[in-house]
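Right, one structure below, let's go through it.
All of the numbers you see were taken from the coordinates with simple rules; none came from a lab. Quantities reported herein were computed from a predicted structural model and do not represent experimental measurements. In this analysis, Cβ positions are derived from the backbone assuming ideal geometry, glycine residues included, and neighbour counts consider all displayed protein chains.
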Amino acid sequence: QKEVEQDPGPLSVPEGAIVSLNCTYSNSAFQYFMWYRQYSRKGPELLMYTYSSGNKEDGRFTAQVDKSSKYISLFIRDSQPSDSATYLCAMKAGNTGKLIFGQGTTLQVKP
Amino acid sequence: DGGITQSPKYLFRKEGQNVTLSCEQNLNHDAMYWYRQDPGQGLRLIYYSQIVNDFQKGDIAEGYSVSREKKESFPLTVTSAQKNPTAFYLCASSPWTGPSTDTQYFGPGTRLTVL
């Protein structure tokens with residue numbers, strides 16, 4: 001079993017929809033949680049960074065962490081065609097610099 | 001502009017050749033990382049370095065080598081011992097002032113193809 005599980009999709013939604021992207025994990029030591037967005041043939045860019053449990057909002061993006069369920073989510077409101085990309089979750093424990101990545105979910109937002 | 005640069009963008013290698021991928025950052029970050037990405041897979045850590053003249057193996061270091069002679073540079077050599085080197089290679093850096101601030105920033109990547 002992988003430490004971090006992420007449904008690869010693809011996920012296709014109409015423009016304006018609310019998108020929910022999710023990851024589950026098995027290591028209870030993970031404390032730092034990140035979401036990266038990766039456009040085709042480009043490097044990942046950091047979208048959201050969250051410590052421990054709770055919500056964090058940035059514009060149309062909301063990151064949620066539920067440590068009791070070992071489950072993290074990224075919500076995208078009013079999705080746009082420019083949001084079409086692969087979304088990678090990543091996480092790490094507090095005592096190491098090693099990030100563990102999910103395999104990424106490919107999102108397509110249709111006009 | 002501050003950032004991470006990788007070169008070349010595309011690289012072709014013949015069987016049995018060693019090739020070196022360049023990674024440079026001007027963010028004054030202490031830590032640098034090399035990842036490999038294969039289609040439909042997440043990023044896998046090859047090597048990382050938290051300080052000049054020191055580096056650690058990641059999860060898939062076999063067939064790769066690195067050096068860290070300068071803070072801003074972390075080149076990766078893909079040796080002939082790497083049996084399946086065709087992949088997208090990503091370099092990252094982070095300020096590493098502690099685990100809570102260790103967010104990693106990525107370069108644009110190098111796509112390596114073995115002919």
| remark: The rounded separation in angstrom of the Cα centers of the stretch B:42-74 and the stretch A:46-74 is 29 Å
| lysines whose Cα lies under 23 Å from that of A:Lys56, excluding same-chain neighbours fewer than 8 positions away | A:Lys67, A:Lys70, A:Lys92, A:Lys98
| Spin-label pair B:Ser67/B:Thr20, simplified geometry with 7 Å Cα→Cβ offset, distance in nm | 0.5 nm
| query | DSSP beta bridges in the protein assembly as shown, what fraction antiparallel, as a percent rounded to 5? | reply | 90 percent
| query | Which lysines have a Cα lying under 22 Å from the Cα of B:Lys83, excluding residues fewer than 8 positions away in the same chain? | reply | B:Lys9, B:Lys14, B:Lys57
| note | Whole-number value, in Å³ per residue, for the convex hull of the alpha carbons of the protein assembly as shown is 127 Å³
| field | Residues in the stretch A:43-79 reached by a label modelled at B:Lys9 [backbone nitrogen below 12 Å; 7 Å Cα→Cβ] | value | A:43
| query | If you take the beta carbon distance between B:Gln50 and A:Lys110 as r and set R0 to 30 Å, what does 1/(1 + (r/R0)^6) give as a FRET efficiency, to the nearest 0.05? | reply | 0.10
| note | To the nearest 0.05, the calculated FRET efficiency linking B:Asp30 and A:Ser28 through their beta-carbon distance, R0 being 25 Å, is 0.30
| said: With the alpha-carbon atoms as the only input, what is the per residue convex hull volume for chain B in Å³? | reply: 101 Å³
| field | Along each principal axis, Cα extent of chain A, largest first, Å | value | 43, 27, 22
| Radius 12 Å from Cβ of B:Leu43, net charge of other residues (Lys, Arg +1; Asp, Glu -1) | +1
